[in-house]
Amino acid sequence: MKRITRLRAGIAGAAALIVGTAGMAEAQNVTLEYWVYSDFAQGEALALQQEFIKEFTEAHPGVTINITGKGDDDLTAGQVAGAASGNLPDVFMNAQSVGAQLVEVGALANIYEKWMAMPQEFRDQFDEDALASCMPRPEELYCIPYTGFGSLLFRNLTVLEQAGIDPSVPPATWDEWFAQMQKVKDAGLYAIPDETLVFNSIAEIYATSGSSETWGFNWDDRTTRIDPAIMAKVLQKFVDMAPLTSGTSRNDQATKDLFISNQLAFHTVGPWVNPTYEEAAKTSGLKYDFVLIPGDEPGKTGGIRSYEIVGVAPGPNMDIAFEFATYITEKQQMVRWAKLLSRYNANAAAMADPEVSDLPLIKVSVEAARGAMEVAAPYFIDSVPSCYNSTVIDYASATADGEYTPEEGAQEMIAELNSCLAE
Amino acid sequence: MTLRRYLPHYLMIAPFMVLFAAFFLYPILSGLYYSFHDWNGVKTPEFVGLTNYQKILASRDFSTAMTNLLWYISITVPLGILVALGLALLVDSFTGRWANFFRNAYFLPVVLPAFLAATIWRWIYAPNFGLLNMILGWFGVPSVNFLNDTDTMLYALIAVDVWVSAGFNMVILLAGLKNIPGELYEAARLDGASKWQQIIHITIPMLGPVLFFVFTYGFISAMQVFDKPWLLTGSSFTSYGGRRNALLFPVMDMMGRGFGEVKFGEAAAYGFLLTITIVAVTALMFGLRAWRERK
């Protein structure tokens, strides 16, 4: 019955989209520039993006869409510079965390009215929290949440077996996980990358004790939301983990190589490393799986979540650009995307679709995103000064190195974060 | 009459002047204009006088970046030239196929894309199992976290920088070496001069202008260092400079203020402070050289 309802909703949504776009179907000569992350513009991901473009342009005679892939910083720099020069891409991806800069320079249009004009069936497809994160204030909507992630715990099963750990039972709490890390170290292997080297990995471990309410920013008085008691507890975890790490960061190629060569047990990271590990499983027999990052208590999970967004630039092409943005984020397209790449996205209806909901990576990712902490919320309000992330990293690593006690580290970190935000 | 006479000449240099005005003069002057304004790249610039300059000069990141830069330049420029000179002398001592081989081999890092070089070096510097730590381990030295230990980060960067720049400087110095007349060495040998004495009394003085060029070019490049520390520290617009900003340099700070915090007025002021410093120090070097030549 539920399936039929979902099917109906899907058909209604698609029909509404077609009806909604019919007004635009008359010929108009428009070229849309569509900027995506570079990994969306290569291989099978590009092929699927091109298929979406083909479908859309066939339904909209006269519309041409050029897709361009860019690296993270290039996307931001290009959009900021484009806003300054009046030469913005019409539709583009970026991360929620740079949303405030893009709003400030006028690169992102407020699409609230257009969004509200969309059929209810379409709007209901999206994850409520993800959509809310695009709305800094009532009647302001700056993005459509697109792809995303909840961080996962990748486990090298061979390493766990070598350390005498039964891999069939994933750790349910931080204490169980930490006990496993120590066993791995005792077996002469590396337990985990150095989680103090990258802001996101610090956030992932913070989430094992904290939550979105105690992380991020109070923009009203420009202070950090970090709770000193929770941060002290988390810094103690970094101190405890210090002798067990590989010394590399979670983003280093060396970390992936250690994991693939059965020298590293755990890797907390987003699902984007899975294709690399999947390939290694095929070619070099890597035995691995991915589970939720355990929190302090059973049922609580660590890790962070974040979404890539699709934004629309203000300008003469805004209407058709918005239509294209709604087309690519619509359930049918997101189901195809998820099926192809096994990647989580913000279209909850697509994630619940039977064709994808049972895919192992999607299944764990949906759960991971649900329990994870927002990495830098609230978004789209103000730019985070660069001193913020560096301060978190500096104090976490200095405390892990023994320069501060966890309590001192937490107090000083928070004081400096507040002064950084106040500046 | 004069205008008529020289008009063809002016017309001939006009394309250069137009392009120079469009792509150099206008950006420089507009940068100067924006450096006195609060501007995010889009909104109407608001005149703030010297506030941007004051903010930068008073900021902790600026003093950190300049201190790092001072240390970096004072080591990397002389060391880079010394290594390049050594390599040039080495390659110059070979002939034929071997000379070509070594010249190309040492030049290879220059043409290697920066991101690739950084990836290779991140592997070499990896703690515990990286190539360098593996070698140090053979001698009983405990693992060093080269790119995250604030005591070693600068030297790790300098090693990469010298590795990259040595090939370029070597080629220039090698060209200079080829221009030194062989008779000078022949006469010195007849007078019983050792190889070392030949280098000190013939090679280095004869290479004076080339060494000055290499030094000046190396200094200006070092003042603008950006890509290597950015990549080695895995920086992005939201977080850069590595642990405790040990590899924060002025251009990185300028980029962060511009694209990370969308404060283009401040970024423009930063650029001008950097330009003034480069011009002042380069002028000083030229002045010193002219003074020495007059002496």
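The values are calculated or read from the model by the stated rules, or taken from the named source; none is laboratory data. Bear in mind that the values here come from a model prediction, so they are computed numbers and not experimental data. No Cβ is skipped: glycine too gets one built from the backbone with ideal geometry, and neighbour counts run over all protein chains shown.
For this structure, a couple of remarks:
- Annotation note: of B:Val281, B:Val262, the sole residue that is at pLDDT below 95, more than 16 Å from the chain's Cα centre (by Cα) and more than 24 Å from B:Asp92 (Cβ to Cβ) is B:Val262.
- Qualifying position, being in contact (Cβ under 8 Å) with a residue 40 or more places away in the chain, assigned to a helix (DSSP H, G or I), over 16 Å from A:Phe324 (Cα atoms) and of a type in the set (D, E, K, R), among A:Glu161, A:Glu140, A:Glu121: A:Glu121
- The lone exception for A:Gly86 - which of (1) touching a Gly at 6+ places or on another chain (Cβ under 9 Å); (2) at pLDDT 95 or above it fails: (2)
- Residue count for region A:182-212 satisfying the condition of being crowded, with 21+ Cβ neighbours inside 10 Å, away from chain B (no Cβ under 12 Å) and over 13 Å from A:Thr268 (Cα atoms): 3.
- B:Pro127 fulfils the conditions (1) more than 23 Å from the chain's Cα centre (by Cα); (2) surrounded by fewer than 19 Cβ atoms within 10 Å (Cβ to Cβ) except for a single criterion, (2).
- Qualifying residue in region B:85-100 (condition: within 16 Å of the chain's Cα centre (by Cα), farther than 18 Å from B:Leu232 by Cα and free of Cβ contacts under 8 Å to residues at least 24 places away in the same chain): no
- Flag for A:Ile202 being within 30 Å of A:Asp257 (Cβ to Cβ), assigned to a helix (DSSP H, G or I), in contact with a Ser or Thr (Cβ under 7 Å, 6 or more places away or on another chain) and of a type outside the set (D, E, K, R): yes
- Some residue of region B:242-253 being in a helix (DSSP H, G or I), at positive phi and surrounded by 20 or more Cβ atoms within 10 Å (Cβ to Cβ): yes
- Enumeration of residues in region A:39-66 that are assigned to a helix (DSSP H, G or I) and either touching a His at 6+ places or on another chain (Cβ under 6 Å) or loosely packed, with under 15 Cβ neighbours inside 10 Å (or both): A:Asp39, A:Gly43, A:Glu44, A:Ala47, A:Gln50, A:Glu51, A:Lys54, A:Glu55, A:Glu58
To keep it simple, each residue is scored yes or no on (1) touching a Leu at 6+ places or on another chain (Cβ under 9 Å); (2) surrounded by fewer than 19 Cβ atoms within 10 Å (Cβ to Cβ); (3) modelled with pLDDT of 95 or more; (4) at negative phi.
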{"position": "A:Asp124", "(1), (2), (3), (4)": "no, yes, yes, yes"}
{"position": "A:Phe149", "(1), (2), (3), (4)": "no, no, no, yes"}
{"position": "A:Leu152", "(1), (2), (3), (4)": "yes, no, yes, yes"}
{"position": "A:Arg155", "(1), (2), (3), (4)": "no, no, yes, yes"}
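- When every residue of region A:396-417 is checked against the conditions, at least one turns out to be of a type in the set (A, V, I, L, M), without any contact (Cβ under 8 Å) to a residue 24 or more places away in the chain, within 14 Å of another protein chain (Cβ to nearest Cβ) and surrounded by fewer than 22 Cβ atoms within 10 Å (Cβ to Cβ).
- Members of region B:227-243 that are within 7 Å of chain A (Cβ to nearest Cβ) and within 15 Å of B:Leu154 (Cβ to Cβ): B:Gly241, B:Arg243
- The one condition from (1) in contact with an Asp or Glu (Cβ under 8 Å, 6 or more places away or on another chain); (2) over 15 Å from B:Ala267 (Cα atoms) that B:Ala65 does not meet is (2).
- Only a single criterion out of (1) assigned to a strand (DSSP E or B); (2) more than 29 Å from B:Trp39 (Cβ to Cβ); (3) touching a residue at least 60 places away in the same chain (Cβ under 8 Å) is not satisfied by A:Gly69, namely (3).
- Residues in region A:296-313 that are surrounded by 15 or more Cβ atoms within 10 Å (Cβ to Cβ) and of a type outside the set (A, V, I, L, M): A:Asp296, A:Lys300, A:Thr301, A:Gly302, A:Gly303, A:Arg305, A:Ser306, A:Tyr307, A:Glu308, A:Gly311.
- Selected residue (criterion: surrounded by the most Cβ atoms within 10 Å (Cβ to Cβ)) from residues of region B:210-228 that are assigned to a helix (DSSP H, G or I) and under 8 Å from the mean Cα position of the chain (by Cα): B:Gly218
- Count of residues meeting criterion [in contact (Cβ under 8 Å) with a residue 60 or more places away in the chain, farther than 22 Å from A:Asp382 by Cβ and part of a helix (DSSP H, G or I)] in region A:102-118: 1
- Region A:248-295 - residue that is out of contact with any strand residue (DSSP E or B) (no Cβ under 6 Å at 6 or more places or on another chain) and acidic (Asp, Glu) and, of those, surrounded by the most Cβ atoms within 10 Å (Cβ to Cβ): A:Asp252
Rundown of residues vs (1) of a type in the set (S, T, N, Q); (2) outside the structural domain of A:Ser342 (by TED's automatic domain parsing), yes/no style:
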| position | (1), (2) |
| --- | --- |
| A:Ala352 | no, no |
| A:Ser357 | yes, no |
| A:Lys363 | no, no |
| A:Ser386 | yes, yes |
| A:Asp394 | no, yes |
| A:Ala398 | no, yes |
| A:Pro406 | no, yes |
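- Per the conditions (1) at pLDDT below 95; (2) within 27 Å of B:Leu116 (Cα to Cα); (3) over 14 Å from the mean Cα position of the chain (by Cα), the sole criterion not satisfied by B:Leu248 is (1).
- Leading residue by the ranking (modelled with the lowest pLDDT) among those in region A:248-292 that are over 24 Å from the mean Cα position of the chain (by Cα), away from every other protein chain (no Cβ under 14 Å) and farther than 23 Å from A:Ala172 by Cα: A:Ser284
- Comparison of B:Tyr53, B:Tyr106 shows that the only residue that is among the aromatic types (Phe, Trp, Tyr), at pLDDT 95 or above and in a helix (DSSP H, G or I) is B:Tyr53.
- Of all residues in region A:81-101 being outside any loop (DSSP other than H, G, I, E, B) and under 18 Å from A:Asn317 (Cα atoms), the one that is farthest from the other protein chains (Cβ to nearest Cβ): A:Val91
- The one condition in (1) over 26 Å from A:Leu189 (Cα atoms); (2) away from every other protein chain (no Cβ under 14 Å) that B:Val141 fails to fulfil: (1)
- In the set (1) among the charged types (D, E, K, R); (2) within 22 Å of A:Ala95 (Cβ to Cβ); (3) out of contact with any Leu (no Cβ under 9 Å at 6 or more places or on another chain), the condition left unmet by A:Glu330 is number (3).
- Of the residues making up region A:222-247, those that are over 30 Å from A:Glu423 (Cα atoms) and either within 14 Å of chain B (Cβ to nearest Cβ) or touching a strand residue (DSSP E or B) at 6+ places or on another chain (Cβ under 9 Å) (or both) are A:Met241, A:Ala242, A:Pro243, A:Leu244, A:Thr245, A:Ser246, A:Gly247.
Yes/no per residue for (1) within 14 Å of chain B (Cβ to nearest Cβ); (2) modelled with pLDDT of 95 or more:
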site	(1), (2)
A:Phe324	no, yes
A:Glu330	no, yes
A:Arg336	no, yes
A:Leu341	no, no
A:Asn389	yes, no
A:Val392	yes, yes
